[in-house]
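Working notes, beginning with the structure itself.
Every read-out reported here was derived from the displayed coordinates using simple, explicitly stated rules and does not represent laboratory data. Worth saying up front: this structure is predicted, and the values here are computed from it rather than measured. For neighbour counting, all protein chains shown are included, and Cβ atoms are generated from backbone atoms with ideal geometry for every residue, glycine included.
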Amino acid sequence: MSKKLELKIRECKARIAVIGLGYVGLPLAVAFAQKGFRVLGIDTSVQRIERIKKRESYIADVTNAEISRLMHSGHLAVDTQFDLMADADVVIICVPTPIKRKYTPDISYIVKAVRSIAQHIRPHTLVVLESTTYPGTTDELIKPELERSGMVAGKDFHLAFSPERIDPGNPDFKVTQIPKVVGGMTERCTLLTKLLYGQIIKNVHAVSSPKVAEMTKLLENSFRIVNIGWINEIAQMCHKLGIDVWEVIEAAKTKPFGFMPFYPGLGVGGHCIPEDPLYLYWKAKRYGFNSKFIKLSADINAHMPNYCLHRLCEILPKPLAQARILVLGATYKKDVTDLRKAPALKLIELLKAQSQVDYFDPMVPYLKLNGIDLVAVKLTPITLKKYDAVVVAVDHTKVDYALVLKHSKLIFDTKNIYKDARSKKVVKL
């Protein structure tokens, strides 16, 4: 029967259900639908489903026109009901995997999704987990849950892990342009999963097991959190030594081998970098291994908003309690609307507790979360002159930085926007 599924995949006739329509699931569902597969997107959020049915995208990498065209052609459908996936040949899980308390993973979304799938799974279905998780999740959690149906993984149904590699808002690397890693419970599971993703992605790399694929994702993200933590520590060190860290990085970049530039800032945001390495930290601890690099890097990055607040207090001409501060940028990275774990929000929270603070972000017209209730100010000469300092927290493209430089009294630049400016009013991280 797996030959029949293989043929369906090759001919783009396999019915695919994507569970979770967030920044990973929706672009993936759209990509398969554009290839000609009939895709059912399932999400427990009624609001998300209603927006898609209205042909409205809430993901930067997916346009309203794409959704409208695919739903009109019948290649994409969405719903909140899991029983509708009963006819699926392939089920892809793209649900959130947050941290529920310090350094402890929350896999409840995966568990709920898998238990719902187990109620409706048919023989010879291919189930793929994309949600980032700790090594061993596919073997130790998903396999037993699905086998409660009476079927055996690798024999009666196929099971694999393929880590998501989405970079939201990056126009150069859409979901179909990023190489994919796949690891199945058996060679046949791996072959079918590789074949599936090969229909929409040119480069698919197979590994020997789901556990290797799970570890691959965590290595990628841990590599980043460690290097970001290191450069943030270097930035603090350089400040103590009276050295421009940005100039140091530019000089180091001239080496054509053995160096990759990372840049300091307010910390790390989004889901992947702040949280995913902690899944590995947690799993390693259960095996008696203490990952000092991950823990230290996470702590350094989490402290950066506090450090930047301290630096701001040092350069202000008056006490912070008497100052008015404008923060430029609120999202977790440039040119996206995503606020998840955004370190700029932490800085705004800290400032709000001790001073008068406002913000401007071309991507986010208002903030109403984490105790923050603010509407973005208008960036005008009159507005800028009201503030004792402007903090460049996010380097959005659609900001008139020349206007900010001309009309601000003091600028604390955490993103090196003003790397060529010789104005004394600019102080860099």
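Quick notes on this one:
- Under the Karplus curve 6.51 cos²θ - 1.76 cosθ + 1.60, θ = phi - 60°, whole-Hz ³J(HN,Hα) for the range 157-167, x wherever Gly or Pro sits: 8, 10, 9, 8, 10, 9, x, 5, 9, 9, 10
- Helix 343-354 and the longest principal axis of the Cα set of the chain meet at an angle near 40°.
- Database remark: amide H of LEU126 closer than 5 angstrom to the amide H of VAL90, VAL91, HIS158 (H placed geometrically; neighbours at sequence offset of 5 or more, or on other chains; Pro and chain starts carry no H).
- Tail fraction, Cα-Cα pairs, the range 130-283, threshold 24 Å, whole percent: 48 percent
- With contacts taken as Cα pairs under 8 Å at a separation of at least 6 residues, the chain carries a relative contact order of 11 percent.
- Put a plus charge on the Cβ of each Lys and Arg, a minus charge on the Cβ of each Asp and Glu, and nothing anywhere else: the dipole of the chain about its Cα centre is then about 340 debye.
- Annotation: the residues CYS272, CYS238, sorted from fewest to most other C-beta atoms within 10 Å of their own C-beta, follow the order CYS238, CYS272.
- Largest first, the three principal axis extents of the alpha carbons in the chain are 74, 50, 40 Å in whole numbers.
- Using alpha-carbon coordinates, inclination of helix 25-35 to the longest axis of the chain, degrees: 50 degrees
- DSSP beta bridge pairing in the range 65-180, given as percent antiparallel to the nearest 5: 20 percent
- Two-decimal log10 I(q)/I(0) for the range 1-95, as the Debye equation yields it once each C-alpha is a single scatterer, q = 0.13, 0.14 Å⁻¹: -0.39, -0.45
- The chain: calculated mean residue ellipticity at 222 nm from DSSP helix runs of at least 4, using -39500 (n - 2.57): -12500 deg cm²/dmol
- Against the chain, whose longest principal axis is taken from its Cα atoms, helix 292-315 shows a tilt of about 30°.
- The ellipsoid equivalent to the alpha-carbon distribution of the range 2-209 has semi-axes of 24, 20, 18 angstrom, derived from the gyration tensor eigenvalues as √(5λ) and listed largest first.
- Rg and Dmax of the range 90-177, both derived from C-alpha coordinates alone, stand at 14.3, 44 Å.
- Taking every DSSP beta bridge that has both ends in the chain, the antiparallel portion is near 15%.
- Here's how it looks for THR132: its modeled amide H is under 5 Å from those of GLU164, which are all 5 or more places away or on a different chain.
- Mean Cα-pair separation over length for the range 2-209, i.e. relative contact order, pairs under 8 Å, 6 or more apart, %: 19 percent
- Whichever aspartates and glutamates have a C-alpha closer than 18 Å to that of LYS8, once near sequence neighbours (fewer than 8 apart) are set aside: ASP87, ASP89, ASP156
- The range 253-428 - Debye-derived log10 I(q)/I(0), Cα point model, q = 0.13, 0.19 Å⁻¹: -0.69, -1.27
- Karplus (6.51, -1.76, 1.60) ³J(HN,Hα), θ = phi - 60°, over the range 66-74, in Hz, Gly and Pro reported as x: 5, 4, 4, 5, 6, 6, 5, 7, x
- Note on LYS415: lysines with a C-alpha under 19 Å away, same-chain residues under 8 apart excluded, are LYS240, LYS253, LYS333, LYS334, LYS341, LYS346, LYS398, LYS406, LYS424, LYS425, LYS428.
- Relative exposure of ILE52, ILE200, judged by other C-beta atoms within 10 Å (fewest first): ILE200, ILE52
- Among the chymotrypsin sites (Phe, Trp or Tyr not before Pro) in the range 13-50, none is located in a DSSP loop while being surrounded by at most 14 other Cβ atoms within 10 Å of its own Cβ.
- For LYS292, a cut-off of 17 angstrom between C-alpha atoms picks up these lysines, skipping any fewer than 8 places away in its own chain: LYS102, LYS283.
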